[in-house]
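**Student:** Before we start, here is the structure in question, set down as structure tokens.
The values are calculated or read from the model by the stated rules, or taken from the named source; none is laboratory data. Here the structure is a predicted model, which is why all the values come from computation and not from measurement. Note that each Cβ is placed from the backbone with ideal geometry, even for glycine, and that neighbours are counted across all protein chains shown.
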């Protein structure tokens with residue numbers, strides 16, 4: 001499950017919003033600051049919300065605090081979120097959807113390990129996934145107050161050799177559908193090819 005990704009800096013968020021609204025091709029490099037800061041559960045992350053039918057920048061912490069879990073709940077299964085009745089995600093997915101700009105995300109391999117050259121310990125091998133068609137892409141998210149969670153779905157052919165699930169990745173031309181349209185139609189990510197490479201220290 002996605003627990004780490006490369007986020008964009010707050011100072012480029014307004015430019016991202018402007019280019020989305022103008023339907024221009026997003027190109028974060030080299031014009032935008034070349035930042036490779038990683039987000040972890042609990043990190044404050046720049047993202048985009050809808051207010052009065054307009055896109056607005058926001059800073060939110062990644063992960064919900066819930067009474068039944070000691071840690072943060074930072075991923076939301078798309079199938080669970082759509083279950084009727086008593087669903088903690090129901091109101092957020094209905095009316096508080098957001099998009100999270102990213103330059104890539106990491107997934108741990110379920111069985112493959114590698115020796116850490118610094119500690120000598122065996123750890124799970126992580127892989128970095130990026131979108132071949134654009135250095136910048138988006139995650140579908142939901143939020144409440146000042147916290148958000150990433151939507152996840154079944155892994156597509158690019159991610160399945162590493163992990164069973166993946167974040168709900170959005171291309172630029174799918175943003176309107178997630179924010180304003182038939183968002184459930186995006187849960188199938190089989191048509192989104194991703195580039196995969198092993199993470200190295």
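**Student:** Need at least 3 residues that are surrounded by 14 or more Cβ atoms within 10 Å (Cβ to Cβ) per element, so show me which strands (runs of 3 or more DSSP E) inside segment 94-201 make the cut, counting only ones lying wholly within it.
**Tutor:** Once the strands (runs of 3 or more DSSP E) in segment 94-201 are filtered for at least 3 residues that are surrounded by 14 or more Cβ atoms within 10 Å (Cβ to Cβ), what remains is 97-115, 122-130, 137-144, 147-154, 165-167.
**Student:** Right, something else. Just checking, which of 55, 59, 47 is in a strand (DSSP E or B), loosely packed, with under 13 Cβ neighbours inside 10 Å and modelled with pLDDT of 95 or more?
**Tutor:** Sole residue among the options that is in a strand (DSSP E or B), loosely packed, with under 13 Cβ neighbours inside 10 Å and modelled with pLDDT of 95 or more: 59.
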